[in-house]
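Asks: Take this structure first; my questions come after.
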Amino acid sequence: MTACFASCLTAAEREVVSPDGVLKVVVSDAGGLNYRVEVKGQTILTNSPLGLEFHDGTKLGPSAVIRKSVKAGHDGEWVNPFGDRRIVPDHYRELRLTLEDGGAPARTFGLIVRAYDDGVAFRYDLPTNSGLGQFVLTNELTEFRFAGDYRCWAGGESACAETQYPETRLSAIPSGQPGHPYRSVLPLLVETPAGYFAVAESDLLDWSGMSLAGTGTPAVKAVLDTRSDGNGLVVSSTPRVSPWRVLMFGRTAADLVGSDLIATLATPCRLKDVSWIKPGACAWDAWWTGVNPYDSNPQHRNVDTRGTTQSDKDYIDLASEMGWPYQLMDGYWYEGMTGYQKSLHSPPNPVHADFRRSVPDINIPELMQYARSKNVRLLIWAHSLDIETFGVEAALKYFAEQGFAGVKIDFLNSQSQETVQWCEKVLANAAKYHLLINFHGTYKPTGLARRYPNFITQEGVLGNENNKWGEGVITPQHTINLAFTRALLGPMDFTPGGFINRAPKDFKVTSPTQVMGTRARQLAMTVIYPSPLTVFCDSPTNYLGQPGIEFLRAIPTVWDESVVLSAEAGKSIVIARRSGEKWYLVAMNGDAAASFKVPLKFLGRKKWTLRSFADDPKFSDYQTVVESTSGVNAGTVLTLTLAPAGGFAGIISPAD
């Protein structure tokens, strides 16, 4: 259902209210274009500037006046076969403003504002009659001025969105230096008196990605990446719209975690046929664990560990045994590979890499034949710069001809306009050849996986690989914070499932790789963190026959339904997700032990069987998994007890 009406009345303010009446966005032209956000009449964001600046000196916003407004509403839903719930509601009220900014000449532009029950969003509209024609955007004036110096969780700086989200105050977010603003990675989670807001963006297409800079006050400013060629932020032509600037909302942390707003705002799928896109679990190779018993080269250790033909066969066997449809062959498999010191926009090496020439220790045809015999499909790694120098379409066509199911493409290290364009180019070409894509070393999700569902997962997260080096940054606090920050945005290739589990005080950087927290915690991550392709990090030796491994057997990676049962930002989360007739119930906490009463009211009337994978009740052995089976129903109230840095995982199936 859609309804519209128009108004040409002269007034300084226009507003739009969410369908449930809770959220209100008010746009004003008093003192320059600005907006504020209210929750049930309480102002949470005060009058915040809006506007854009261009290379030719044009400024849209500072002297804009509202000339016309049109309101509309939409009540619908969309189907997401690759997410946390299959049927996604799409209910909003929309305000479209026609604006005029004085100057010589006067410019016409627009602002589109939407209010959903779970957030608000706005985007700039640059029509043909704006007179901008070909333009170079040099600055965005958007700010988010919160009404108080609220507690928040803010991302650090990172070209590839690999950062922690520590708790802080809005006024403590750095501002940077003149000409070099701070670039806090999205999202920014803010706890307000009226609920939780998360600042993000959606539908980033042929534009530069957004970060945030502090101001020393409760306000933060939008900061866009500079183009890789240095020519401003965005080079384009009218008509254009900007990405959505998004404020996700939940009255509680549980409400916020349950939102699909980023994907809902994104452009719908442009692929006519998605039947070939198969989500699923994936075995990795020897790189993560750092141990390859078939490789005696002493230089091939830790970050330089690599797969060989025989070791990759072991991982294919693991995938086959566990009912995982994929195995990933990571780096060092082809001649002339570009190293991690370079990224997509670096000068290429004098001698370009050649995907047609594998190193002596890797036999691609033999591995492909072996994988087929085990009903496993192979994914392959490639450096983004090597894809570019080989030729994007030529490389993807070659991988498809060899029989690969998809490509993990690494080291983009940018959210410049050119990088965003390159990602869409890769995804469109990959779809042509029925290839899945997993971008690593890349920017945060902005809904692009809805437009191209073959974008099966992505990094843009400080993940389990960082346990291989550094000072132990994958802490229990970081991994619980991710559920309330990075995981809000979309697929997250954290690569969970480490089975050498240590209390945080006992963690060491070693080979084989260790992880902080209990084994049940690593099991829980596989369901809490969204990823239609879930890559399990550890080795056949550390998995097979080990306590807890049965939770991962044939585990789903996309869901028909999700229910957030309990959530406290930065402290704990309990989620149930359904695939078919089975529910997967998981919980995770922070550094402190925790106990939860969990009603199972979400279950239907039938009788059910719960298979539990729980922490050691004495909290002494982080590798211990206490497995048990019990009957449950919708009236059952479970008591879950989690160790410090602990977890719980359970499978609820219909009783026989």
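The values are calculated or read from the model by the stated rules, or taken from the named source; none is laboratory data. Please read all numbers here as calculations on a predicted model, not as lab measurements. Note that each Cβ is placed from the backbone with ideal geometry, even for glycine, and that neighbours are counted across all protein chains shown. Heads up: the accessible areas ignore ligands, DNA and RNA and are worked out on the full protein's heavy atoms, side chains in. Shrake-Rupley method; radii C 1.70, N 1.55, O 1.52, S 1.80 Å.
Asks: Would you mind working out the magnitude of the charge dipole of segment 570-631 relative to its Cα centre, with +1 at each Lys and Arg C-beta and -1 at each Asp and Glu C-beta, to the nearest 20 Debye?
Replies: In total the dipole reaches around 600 debye.
Asks: Let me ask something else about it. Given a Förster distance of 35 angstrom, what is the FRET efficiency for H434 paired with H55, based on the Cβ-Cβ distance and rounded to 0.05?
Replies: Efficiency computed from Cβ-Cβ geometry: 0.25.
Asks: Also: V586: net charge of surrounding residues, Cβ under 11 Å, Lys/Arg +1, Asp/Glu -1, itself excluded?
Replies: +2
Asks: Here is a follow-up. Would you please give the FRET efficiency between K606 and T641, computed as 1/(1 + (r/R0)^6) with r the Cβ-Cβ distance and R0 = 22 Å, to the nearest 0.05?
Replies: The pair K606/T641 has a calculated efficiency of 0.20.
Asks: Okay, moving on. Using alpha-carbon pairs under 8 Å, 6+ residues apart, how would you state the relative contact order of segment 130-184 in percent?
Replies: Taking the mean separation of contacting Cα pairs over the length of segment 130-184, I get 30 percent.
Asks: What list of ³J(HN,Hα) couplings, whole Hz, do you get for segment 32-45 from phi and the Karplus terms 6.51, -1.76, 1.60, once you set θ to phi - 60° and write x for glycine and proline?
Replies: Each residue's phi maps through the Karplus curve to give x, 4, 7, 9, 9, 10, 10, 10, 6, x, 8, 6, 10, 10 Hz.
Asks: Shifting gears a bit: Could you tell me what fraction of 2.2 N^0.38 Å the Cα radius of gyration of segment 330-439 comes to, as a two-decimal ratio?
Replies: 1.05
Asks: Students often forget the sequence filter, so: which lysines lie under 16 Å Cα-Cα from K278 once same-chain residues fewer than 8 apart are removed?
Replies: Once the sequence-local lysines are set aside, what remains near K278 is K408, K432.
Asks: May I pose another question? Do me a favour and compute the ellipsoid semi-axes for segment 525-633 from its Cα gyration tensor, root of five times each eigenvalue, largest one first, whole Å.
Replies: Equivalent ellipsoid semi-axes, largest first: 21, 19, 16 Å.
Asks: Could you list log10 I(q)/I(0) for segment 249-364 at q = 0.15, 0.18, 0.22 Å⁻¹, which the Debye formula gives when each Cα is one point scatterer?
Replies: -0.91, -1.01, -1.16
Asks: Considering the dipole of the chain built from charges on the beta carbon (Lys and Arg +1, Asp and Glu -1) around the Cα centre, which of N47, Q415, N292 is farthest to its positive end?
Replies: It is N47.
Asks: Can you give the direction-averaged projected area of the convex hull of the alpha-carbon atoms in the chain, in nm²?
Replies: Averaged projected area of the chain's Cα convex hull equals 28.9 nm².
Asks: Continuing with the same structure: Sort 441-452, 86-97 by the packing proxy (mean of other Cβ within 10 Å over each peptide's residues), most packed first.
Replies: Going from most to least packed, we get 441-452, 86-97.
Asks: Of the peptides 112-118, 560-566, how do they stack up when ordered by the mean number of other Cβ atoms within 10 Å, highest first?
Replies: Result, highest mean first: 112-118, 560-566.
Asks: Could you order C160, C537 so the one with the most accessible surface comes first? Probe is 1.4 Å.
Replies: C160, C537
Asks: Might you tell me the accessible area per residue for the chain, computed with a 1.4 Å probe and given in Å²?
Replies: 36 Å²
Asks: On a C-alpha basis, how far is the centre of segment 275-289 from the centre of segment 429-486 in Å? Whole number, if you could?
Replies: Distance between centres, Cα-based: 13 Å.
Asks: From the phi angles alone, apply the Karplus equation (6.51, -1.76, 1.60; θ = phi - 60°) to segment 642-656 and give each ³J(HN,Hα) in whole Hz, x where the residue is Gly or Pro.
Replies: Result, rounded to whole Hz: 10, 5, x, 6, x, x, 8, 9, x, 10, 10, 10, x, 5, 5.
Asks: How large is the dipole of segment 419-480 about the Cα centre if only Lys and Arg carry +1 and Asp and Glu carry -1, each at its Cβ, rounded to the nearest 20 debye?
Replies: Approximately 320 debye in magnitude.
Asks: Here is a further query. Mean separation of Cα pairs under 8 Å and 6+ residues apart, divided by the residue count of segment 553-656: what relative contact order is that in percent?
Replies: Taking the mean separation of contacting Cα pairs over the length of segment 553-656, I get 31 percent.
Asks: Between segment 228-246 and segment 43-74, how far is it from one alpha carbon centroid to the other, in angstrom?
Replies: The two parts, judged by their Cα centres, are 16 Å apart.
Asks: Mean separation of Cα pairs under 8 Å and 6+ residues apart, divided by the residue count of segment 182-270: what relative contact order is that in percent?
Replies: Once divided by the residue count of segment 182-270, the mean separation gives 33 percent.
Asks: Shifting gears a bit: If you project the alpha carbons of segment 85-137 onto their three principal axes, what span does each projection cover, largest first, in Å?
Replies: If we take the Cα atoms of segment 85-137, the spans are 49, 19, 16 Å.
Asks: Could you tell me the largest-minus-smallest coordinate of the C-alpha atoms of segment 383-458 on each of the three principal axes, in descending order and whole angstroms?
Replies: Its Cα atoms span 30, 26, 16 Å along the three principal axes.
Asks: Report the Stokes-Einstein translational diffusion coefficient (µm² s⁻¹, integer) for segment 153-269, Rh taken as the Kirkwood radius over Cα pairs, at 10 °C with viscosity 1.306 mPa s.
Replies: So the translational diffusion coefficient is about 103 µm²/s.
Asks: What does segment 508-574 give for Rg and for Dmax, in Å, if only its C-alpha atoms count?
Replies: 13.7, 39
Asks: Students often check this: by mean Cβ neighbours within 10 Å, which of 226-236, 595-605, 246-256 ranks highest, and how do the rest follow?
Replies: Packing proxy ranking, top to bottom: 246-256, 226-236, 595-605.
Asks: What lysines sit close enough to K601 to cross-link, taking a C-alpha to C-alpha distance under 28 Å and skipping anything fewer than 8 places away on the same chain?
Replies: Answer for K601, where 28 Å is the Cα cut-off: K571, K582, listed by chain and number.
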